[in-house]
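Values quoted throughout were computed directly from the atomic coordinates according to the rules given, and no laboratory measurement underlies them. These numbers were taken from a predicted model, which means no experiment stands behind them.
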Amino acid sequence: MSHTHAHGLSHEPRLAPSGHATVMLDIGDGVGALVVHAPAEWCGVEIELARRHESHAFVHTEVRERRLPEGSVYAGVFPAIVVGEYTLLPVGDEPARAVTISSGRVTEVAFQ
């Protein structure tokens, strides 16, 4: 069975698309969420998050098709991340990106 990593851009196996209002975020005091918008060709790719100044991911998620009433989008969702400074590790030709997670908020990053 293939395991997909950001640096490899492998695309199998894919999770099924998620529907409207099916993703639950667990945010509140001291915890935020991260949504990473991505191009369609990233569907099935794992994106990885590391603590700032570290190079090893402590959590990852898969970019999935998200079917919304206005059409499909592609995104990876980290539903509960402790407040702090993080780095989205490189994906394909995209460099690493700094991310700040705030208490009770959803941070969004776009690679499109």
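What to note about this one:
- Built amide H within the under 5 Å cut-off of VAL45, gap 5+: VAL63
- Each residue of the range 55-67 was assigned a 3J(HN,Hα) from its phi angle through the Karplus curve 6.51 cos²θ - 1.76 cosθ + 1.60 (θ = phi - 60°); the sequence is 10, 9, 5, 10, 7, 9, 8, 9, 6, 10, 6, 10, 8 Hz, with glycine and proline shown as x.
- Amide H contacts of VAL83 (H built 1.01 Å from N, under 5 Å, at least 5 apart or other chain): VAL31, GLY32
- Backbone HN-Hα couplings from phi across the range 23-34 [Karplus 6.51/-1.76/1.60, Hz, Gly and Pro as x]: 9, 9, 9, 10, 10, x, 4, x, 9, x, 10, 10
- Phi angles of the range 88-98 translate, via the Karplus equation with coefficients 6.51, -1.76, 1.60 and θ = phi - 60°, into HN-Hα couplings of 6, 6, x, 10, x, 8, 7, x, 4, 10, 6 Hz per residue; Gly and Pro are given as x.
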